[in-house]
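The values are calculated or read from the model by the stated rules, or taken from the named source; none is laboratory data. Everything numeric in this text was worked out from a predicted model, so none of it was measured. With ideal geometry, Cβ positions are generated from the backbone for all residues, glycine too; neighbour counts draw on all protein chains shown.
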Amino acid sequence: MGSRKTYKQKRNFEVTSEPRPSGYSHDGEPIFVIQKHNARNLHFDFRLEINGVLKSWAVPKGPSTDPSEKRLAMPTEDHPMEYADFEGVIPEGQYGAGTVMVWDKGTFENLKSKDGKNVSLEQFYKDGKIEIFLKGKKIHGGYALIKMKNRKGWLLIKMDDEHADARRNPTSTENRSVKTGRTLSEIQTEHQND
Ligand code: MN
């Protein structure tokens with residue numbers, strides 16, 4: 001965080017098993033992914049497909065299902081689409097060294113329009129106000145991502161809809177990968193020699 005370097009500039013693909021950008025694209029609704037990342041600090045990386053890349057935020061506490069909880073989301077570098085399936089171990093000495101899990105993944109819809117007109121999600125991103133409906137396995141329903149005024153950080157907030165649930169606490173109770181069913185420590189053990 002805080003660096004203006006790009007995804008490629010930050011990584012040595014001879015050393016890390018993270019994907020090289022290959023121009024991957026797909027049909028259908030845009031995707032989102034939430035990766036649990038046990039780096040220097042345990043955090044969640046929230047990524048949204050906007051205009052062919054994964055716009056990314058590091059969310060220390062991860063998403064809440066409680067509309068009264070505002071979760072800090074710090075913007076990080078754009079990630080290539082391929083990253084949505086990355087699960088494994090980033091080696092010591094590499095940027096983001098630690099274990100990565102695909103904690104949740106799915107598609108999403110843009111909920112916002114402007115003066116009744118369709119406006120691109122990229123424009124809402126630039127304006128710092130995003131409202132989306134997430135269709136994941138763990139995280140479902142409307143979420144707002146709002147950039148704080150005169151600050152670098154954003155806030156990730158559950159919208160008050162029928163999917164809101166103040167009693168659920170999925171970031172602490174749901175510990176397994178939606179891709180492989182593994183815990184962070186199982187991923188670490190199985191990938192430490194990648
Ligand atoms: Mn991270």
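Worth a mention:
Residues are listed down the side, and each one gets a yes or a no for (1) without any contact (Cβ under 8 Å) to a residue 60 or more places away in the chain; (2) loosely packed, with under 15 Cβ neighbours inside 10 Å; (3) of a type in the set (Asp, Glu); (4) under 13 Å from Asp104 (Cβ atoms):
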| site | (1), (2), (3), (4) |
| --- | --- |
| Gly136 | no, no, no, yes |
| Ile139 | no, no, no, yes |
| Ala144 | yes, no, no, no |
| Asn150 | yes, yes, no, no |
| His163 | no, no, no, no |
| Ala166 | no, yes, no, no |
| Leu184 | no, no, no, no |
| Ile187 | no, no, no, no |
| Gln192 | no, yes, no, no |
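- Residue selected from the stretch 162-194 under the condition within 19 Å of the chain's Cα centre (by Cα) and not in a loop (DSSP other than H, G, I, E, B), by the criterion farthest from Ser68 (Cα to Cα): Ile187
- Within the stretch 32-69, the set of residues being within 13 Å of the ligand (Cβ to nearest atom) and either assigned to a loop (DSSP other than H, G, I, E, B) or over 15 Å from the mean Cα position of the chain (by Cα) (or both) comprises Ala39, Arg40, Asn41, Pro60, Gly62.
- Any hit, the stretch 70-83, residues being in contact (Cβ under 8 Å) with a residue 24 or more places away in the chain, within 13 Å of the ligand (Cβ to nearest atom) and of a type in the set (A, V, I, L, M): yes
- Residue match in the stretch 162-178 (condition: away from the ligand (no atom under 16 Å from the Cβ) and touching a helix residue (DSSP H, G or I) at 6+ places or on another chain (Cβ under 8 Å)): yes
- Residues in the stretch 94-126 that are assigned to a loop (DSSP other than H, G, I, E, B) and either within 16 Å of the ligand (Cβ to nearest atom) or of a type in the set (Asp, Glu) (or both): 5 in all.
- Counting only residues that are over 11 Å from Phe32 (Cα atoms) and within 12 Å of the chain's Cα centre (by Cα), the stretch 104-119 holds 0 of them.
- Close pairs (7 angstrom Cβ cut-off, 6 or more residues apart or separate chains): over 21 Å from Phe108 (Cβ atoms) in the stretch 32-48, within 10 Å of the ligand (Cβ to nearest atom) and part of a strand (DSSP E or B) anywhere: Asn38/Gly98; Ala39/Gly98
- Residues in the stretch 2-31 that are within 23 Å of Asp127 (Cβ to Cβ) and within 15 Å of the ligand (Cβ to nearest atom): 1 in all.
- Filter result for His163 (more than 30 Å from Glu14 (Cα to Cα) and in contact with a strand residue (DSSP E or B) (Cβ under 9 Å, 6 or more places away or on another chain)): yes
Yes/no matrix, rows are residues, columns are (1) modelled with pLDDT under 95; (2) out of contact with any helix residue (DSSP H, G or I) (no Cβ under 6 Å at 6 or more places or on another chain); (3) surrounded by fewer than 18 Cβ atoms within 10 Å (Cβ to Cβ):
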position: Pro21; (1), (2), (3): yes, yes, yes
position: His26; (1), (2), (3): yes, yes, yes
position: Phe32; (1), (2), (3): no, yes, no
position: Gly52; (1), (2), (3): yes, yes, yes
position: Trp57; (1), (2), (3): no, yes, no
position: Ser64; (1), (2), (3): no, yes, no
position: Tyr95; (1), (2), (3): yes, no, yes
position: Lys105; (1), (2), (3): no, yes, no
